[in-house]
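Only one structure is covered here, and it is reproduced in the block below.
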Amino acid sequence: MKILVTGAKGMLGQDLCPILEDEGFEVIETDVDTLDITDIENIQSVLSEEKPDYVIHCAAYTNVDKAEEEQDTAFKINAEGTSNVAKICKRLDIIPVYISTDYVFDGKKQGKYIPEDKTNPINVYGQSKLDGETAIQTCGKYYITRTSWLYGHHGKNFIETMIKLKDKDLKVVDDQVGCPTWTVDLAFGIINIIKEKKPYGIYHVCGSGHTSWYGFAKKIFELCGYEVNLKPCSTSEYPCPAKRPANSVMENNNICQNWETALKEYLELRCE
Ligand SMILES: NC(=O)c1ccc[n+]([C@@H]2O[C@H](COP(=O)([O-])OP(=O)(O)OC[C@H]3O[C@@H](n4cnc5c(N)ncnc54)[C@H](OP(=O)(O)O)[C@@H]3O)[C@@H](O)[C@H]2O)c1
């Protein structure tokens with residue numbers, strides 16, 4: 001089976017592609033230099049030439065705070081770019097797998113979000129990704145995998161930021177809860193959906209269990225054996241350009257392992 005990956009040089013793409021190959025898929029890696037999703041003719045020509053069975057669409061504008069001032073760019077890539085991918089996939093009968101986000105929700109729900117819950121993004125990035133979801137759904141045959149609090153060995157992420165700051169006095173937000181997700185677990189989650197030919201639709205693919213950013217930071221330092229002056233704070237004490245949902249916890253039906261086990265594995269591999 002042949003799979004084309006967009007945004008293959010990103011944090012997820014760099015873990016996903018080798019895992020897909022190990023799992024026996026033929027993989028075509030593309031990024032903005034070889035397949036620019038804002039250029040529909042470029043997509044048409046690459047996809048008709050490669051004729052993949054699936055497109056795993058990882059390419060995105062992912063700077064959540066900067067998106068507030070760069071709205072046009074965020075929508076051009078995440079909404080229009082994804083609409084381009086959807087149109088060509090539909091035309092060529094290719095199944096798109098779109099990576100979406102917990103930020104499509106407003107965070108006001110008590111309890112875990114399920115795929116059918118009402119979306120209501122509270123920042124530009126979330127709205128642009130939701131527009132991408134809407135575009136993908138026009139394909140009829142599609143998968144949308146919503147993930148959250150993603151980290152991997154090939155990108156800037158919360159764990160690496162915390163480790164860099166370990167010698168400082170740290171205050172970390174304790175009133176936003178969510179599901180930290182390792183890119184490797186997300187990759188296997190996506191592969192399971194494809195291999196098991198699950199019904200088309202929306203899936204939540206994130207670490208099992210949940211924590212706050214403060215709880216996440218505390219666990220990182222505990223597992224690393226660092227003594228850090230770490231204190232919890234509220235969102236109002238740490239203002240950011242983009243609002244974040246207070247509750248990002250998604251029901252994932254155990255598609256991925258527990259976030260603490262995943263974090264331990266990530267840190268062990270990091271030290272090798
Ligand atoms: N990171 C998270 O916490 C998180 C959480 C939930 C969902 N997601 C979603 O998961 C997916 C993967 O995220 P990630 O963290 O791996 O993102 P990433 O590291 O920012 O990777 C995105 C890739 O897309 C490329 N790209 C940007 N514009 C493009 C264009 N016009 N055409 C083709 N490629 C383009 C980027 O290239 P440049 O670097 O050159 O711009 C980059 O290589 C994204 O869809 C994201 O929205 C991420």
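Listing for the model above:
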quantity: Residue in the range 118-139 that is farthest from F75 (Cα to Cα), counting only those that are polar (S, T, N, Q) and part of a helix (DSSP H, G or I); calculated: Q137
quantity: Criterion: farther than 24 Å from L35 by Cβ, buried (at least 16 other Cβ atoms within 10 Å of the Cβ), touching a Lys or Arg at 6+ places or on another chain (Cβ under 6 Å) and not basic (K, R) - qualifying residue of I122, I95; calculated: I122
quantity: Residue count for the range 98-117, restricted to those that are farther than 20 Å from P199 by Cα, surrounded by fewer than 22 Cβ atoms within 10 Å (Cβ to Cβ) and among the charged types (D, E, K, R); calculated: 4
quantity: Residue match in the range 158-181 (condition: closer than 28 Å to P52 by Cα, touching a residue at least 40 places away in the same chain (Cβ under 8 Å) and within 13 Å of the ligand (Cβ to nearest atom)); calculated: yes
quantity: Restricting the range 142-186 to residues that are in a loop (DSSP other than H, G, I, E, B) and touching a Cys at 6+ places or on another chain (Cβ under 9 Å), the residue that is farthest from P121 (Cα to Cα); calculated: K166
quantity: The range 249-264 residues that are assigned to a helix (DSSP H, G or I), paired with ones that are among the aliphatic types (A, V, I, L, M) (beta carbon under 7 Å, 6 or more apart); calculated: L263/I220; L263/L223; K264/L223
quantity: Contacts under 7 angstrom Cβ, first residue in the range 28-40 being over 17 Å from M11 (Cα atoms) and without any contact (Cβ under 8 Å) to a residue 60 or more places away in the chain, partner within 6 Å of the ligand (Cβ to nearest atom) and in a loop (DSSP other than H, G, I, E, B), 6 or more apart; calculated: I37/A59
quantity: Complete set of residues in the range 65-78 that are under 25 Å from Q14 (Cβ atoms) and either surrounded by fewer than 20 Cβ atoms within 10 Å (Cβ to Cβ) or among the acidic types (D, E) (or both); calculated: D65, K66, E70, T73, K76
quantity: Some residue of the range 57-78 being more than 9 Å from the ligand (Cβ to nearest atom), in contact with a Leu (Cβ under 8 Å, 6 or more places away or on another chain), farther than 16 Å from G132 by Cβ and not aliphatic (A, V, I, L, M); calculated: no
quantity: Extreme residue, surrounded by the fewest Cβ atoms within 10 Å (Cβ to Cβ), among residues of the range 218-249 that are touching a helix residue (DSSP H, G or I) at 6+ places or on another chain (Cβ under 6 Å) and more than 23 Å from K166 (Cβ to Cβ); calculated: P241
quantity: Among (1) on the phi > 0 side of the Ramachandran plot; (2) within 12 Å of the ligand (Cβ to nearest atom) - the single one G140 does not satisfy; calculated: (2)
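Here, each number is a calculation from the coordinates, and none is a lab measurement. Quick caveat: nothing in here was measured; it's all calculated off a predicted structure. Ideal geometry is used to build each Cβ from the backbone, glycine not excepted, and the neighbour counts take in all protein chains shown.
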